[in-house]
Amino acid sequence: MSSSRGGNGCGGEGERQIHVLAVDDSSVDRAMIARILRSSKYRVTTVDSGKKALELLVLEPDVNMIITDYWMPEMTGYELLKRVKESSELREIPVVIMSSENVPNRINRCLEEGAEDFLLKPVRPSDVSRLCSRIR
Amino acid sequence: MSLMVLREQLNVLVNSMFLEGLLDAQFRQLQMLQDASNPGFVAEVITLFCEDSERMLTELTKLLDQAVVDYQKVDAYVHQLKGSSSSVGAQSVKLSCIQFKQFCEENNKEGCLSELNMVKHQYYSLRSKFETMLQLEQRIQAYDSEQQN
């Protein structure tokens with residue numbers, strides 16, 4: 001049987017499978033984060049912008065976590081985070097920010113705005129495992 | 001040619017790419033994400049990376065061809081290219097992008113042009129080896145699926 005290295009199944013199974021919305025304008029990074037999340041048994045939907053993320057959140061009320069790139073054109077991950085936290089319907093959804101840059105001000109700002117965690121890219125399976133206990 | 005020989009060729013190729021500094025440890029992470037249920041993952045990501053990179057190199061060439069260069073736009077594209085090369089473990093491309101960003105911040109057109117050439121050189125060297133890699137992967141997988149039938 002195949003087993004995905006780094007995956008510990010914390011995404012759940014069947015009806016209790018955790019649904020993650022991954023937001024990144026880079027097709028390479030979308031493919032990477034989707035694979036990493038799926039190897040931990042999360043159900044994953046990917047979009048390439050904050051705008052599409054917000055549209056999807058309205059249509060699909062079963063998103064359990066959002067993981068978003070910080071630096072995106074038009075709407076940054078920070079702006080998406082703010083919109084989610086300002087919305088009465090969406091504010092309970094944990095939001096994780098990813099960035100290729102280690103900028104302490106940026107990290108603090110995101111955490112203060114209510115981000116669950118901040119991951120440095122390239123994201124690894126161990127980073128996602130770390131999220132597991134926080135999301136449950 | 002036997003499966004073992006093909007696998008050996010692939011290993012030798014990938015190891016040489018590490019030794020030459022074309023790839024770094026992040027590429028191993030990529031390889032680890034490929035398994036029996038996702039046999040084409042490395043090929044998928046490499047293909048996306050190449051499509052993305054070529055698009056960005058085209059845009060960068062256009063931008064730096066202007067009399068007045070929009071360094072913000074140049075920086076945005078270099079940042080993207082740096083990000084995707086970092087994600088796949090394309091070390092030589094990534095390092096070149098870091099230098100490129102530096103020239104961009106200094107609004108140094110000559111430096112940018114020179115570094116754009118360097119990035120292109122690094123990218124096309126890498127792409128050529130990636131092509132060989134993917135051909136070997138395809139042959140290995142064809143062999144694998146033949147064996148399963």
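The values are calculated or read from the model by the stated rules, or taken from the named source; none is laboratory data. Values in this document were obtained by computation on a predicted structure and should not be read as measured data. In this analysis, Cβ positions are derived from the backbone assuming ideal geometry, glycine residues included, and neighbour counts consider all displayed protein chains.
Side notes on the structure shown:
- First in the stretch B:60-81 and within 12 Å of another protein chain (Cβ to nearest Cβ), second anywhere and loosely packed, with under 13 Cβ neighbours inside 10 Å, Cβ under 8 Å, 6 or more apart: B:Asp75/B:Glu105; B:Ala76/A:Pro73
- The residues listed here are B:Tyr71, B:Tyr123, B:Tyr143; of these, the one that is crowded, with 18+ Cβ neighbours inside 10 Å, of a type outside the set (A, V, I, L, M, F, W, C) and more than 14 Å from the chain's Cα centre (by Cα) is B:Tyr71.
- For the stretch A:36-51, a residue qualifies if it is under 13 Å from A:Ile67 (Cβ atoms) and either within 12 Å of another protein chain (Cβ to nearest Cβ) or among the polar types (S, T, N, Q) (or both), and the qualifying residues are A:Ile36, A:Leu37, A:Arg38, A:Ser40, A:Thr45, A:Thr46.
- Of the helices (runs of 4 or more DSSP H) entirely within the stretch B:1-99, those holding at least 3 residues that are under 16 Å from B:Met133 (Cβ atoms) occupy B:3-19, B:25-32, B:41-64.
- Put simply, of B:Phe130, B:Phe103 the only residue that is among the aromatic types (Phe, Trp, Tyr) and within 18 Å of B:Val42 (Cα to Cα) is B:Phe130.
- Some residue of the stretch B:8-16 being within 14 Å of A:Ser39 (Cβ to Cβ) and in contact with a helix residue (DSSP H, G or I) (Cβ under 9 Å, 6 or more places away or on another chain): no
- Filter pass, A:Ser49 being touching a residue at least 24 places away in the same chain (Cβ under 8 Å) and over 16 Å from A:Val128 (Cα atoms): yes
- None of A:Val128, A:Val103, A:Val96 is more than 14 Å from chain B (Cβ to nearest Cβ) and either farther than 21 Å from A:Glu60 by Cβ or crowded, with 18+ Cβ neighbours inside 10 Å (or both) except A:Val96.
- Being surrounded by fewer than 19 Cβ atoms within 10 Å (Cβ to Cβ) and within 14 Å of chain B (Cβ to nearest Cβ) is not true of A:Arg30.
- When B:Arg55 is tested against the conditions (1) surrounded by fewer than 18 Cβ atoms within 10 Å (Cβ to Cβ); (2) more than 22 Å from A:Asp48 (Cβ to Cβ); (3) modelled with pLDDT of 95 or more, the lone failure is (2).
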